[in-house]
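These notes concern the structure reproduced below.
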Amino acid sequence: MLDRYYYLASLPTLGELGTEPPMGPAELLEHLIDSRQRYELVGSLFLLDDLLQRESFLAGEVEEVDPAVFSIQQARNESPLPEYLAGESAVEAKGSLGVAADRLWDAYFHYASELARRFHSRFLEAWVIFEVTLRNALVTARAKRLGLDENEYLVATDLSLSVEEVAGLVSEWSAAATPLAGQQVLLRGRWAWLAENDAWFSFRDDELAAYAARLMLLRQWERIAAEGAGR
């Protein structure tokens, strides 16, 4: 228990969404380098942001990446991704998806879900389910708007709840005046989910994972705010 208190008490306090993060994700991982389980648990959360940055870079939306788990070369698609994400057979075993990016996300969510089971992390398990559900709900909304079959773009459906679970958030996102405002709606929704769910845990590794999730959202808000100012 004292070890858990040390890890949490030694971290800087996080402010509300929109405030400056006191450290970067890579810095937090460095803080955990002597604990393999905590490093992997927190790293599995930060991988989501690394994948988002990789997508933005490959789409030409950003020129720089700042990954926490990936190397710069991996985030730029200049070197292979880790086998647990890039292995074709692992993805196909869960159900082959037509789009390469979706296959990668499918592999990621199943990897994070497996870590949650291995580490008995109720927080990571719940977070994965929420993120998969939200992603698939957004895909469904976009597909209906464009007249496409959403089933071709869904990922990790075995981990997803009904899209009705996040219908209010998706409706608010759909009504946003600009793409930037829509991204901010989703970040606020994710922040609210953390506020509702992290109270389940008290001074366990799951509380550290919730801290990491908040830190990631602070960095994402900072990044999209900077992108919006640049435009």
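The values are calculated or read from the model by the stated rules, or taken from the named source; none is laboratory data. Treat the numbers as computed from the prediction; the structure is a model and nothing was measured. Neighbour counts run over all protein chains shown; Cβ positions are idealised from the backbone, glycine included. SASA here: full protein model, heavy atoms, side chains in, ligands and nucleic acids out. Shrake-Rupley method; radii C 1.70, N 1.55, O 1.52, S 1.80 Å.
Of the residues in segment 113-128, at least one is acidic (Asp, Glu) and surrounded by fewer than 22 Cβ atoms within 10 Å (Cβ to Cβ).
Return the residue satisfying two criteria in turn: it lies in segment 13-38 and is hydroxyl-bearing (Ser, Thr, Tyr) and within 23 Å of Arg223 (Cβ to Cβ), and of such residues it is nearest to the chain's Cα centre (by Cα).
The selected residue is Thr19.
Ala101 meets each of the listed conditions (1) within 18 Å of the chain's Cα centre (by Cα); (2) in a helix (DSSP H, G or I); (3) modelled with pLDDT of 90 or more apart from (3). Looking at Glu61, is it more than 18 Å from Asp106 (Cα to Cα) and open to solvent by 40 Å² or more (accessible area, probe 1.4 Å)? For Glu61, the condition - more than 18 Å from Asp106 (Cα to Cα) and open to solvent by 40 Å² or more (accessible area, probe 1.4 Å) - is met.
Of Gly228, Gly189, Gly182, all but one fail to be in a helix (DSSP H, G or I) and modelled with pLDDT under 90; the exception is Gly228. The set of residues in segment 19-34 that are over 16 Å from Gln53 (Cβ atoms) and either open to solvent by less than 100 Å² (accessible area, probe 1.4 Å) or not in a loop (DSSP other than H, G, I, E, B) (or both) comprises Thr19, Pro22, Met23, Glu27, Leu28, Glu30, His31, Leu32. Take the conditions of a type in the set (Val, Ile, Thr), surrounded by 14 or more Cβ atoms within 10 Å (Cβ to Cβ), at negative phi and in a loop (DSSP other than H, G, I, E, B) and apply them to Val155. Does it pass? Spelling it out, Val155 is indeed of a type in the set (Val, Ile, Thr), surrounded by 14 or more Cβ atoms within 10 Å (Cβ to Cβ), at negative phi and in a loop (DSSP other than H, G, I, E, B). For segment 164-184, filtering for residues that are surrounded by fewer than 18 Cβ atoms within 10 Å (Cβ to Cβ) and either closer than 30 Å to Gly15 by Cα or of a type in the set (A, V, I, L, M, F, W, C) (or both) leaves 14.
On inspection, Glu131 fails the criterion of being in contact with a helix residue (DSSP H, G or I) (Cβ under 6 Å, 6 or more places away or on another chain) and either within 16 Å of Trp193 (Cα to Cα) or at pLDDT below 95 (or both). The number of residues in segment 67-85 being in a loop (DSSP other than H, G, I, E, B), farther than 19 Å from Arg223 by Cα and charged (D, E, K, R) comes to 1.
Open to solvent by 30 Å² or more (accessible area, probe 1.4 Å) and of a type in the set (D, E, K, R), is that true of Asp49? No: the conditions fail for Asp49.
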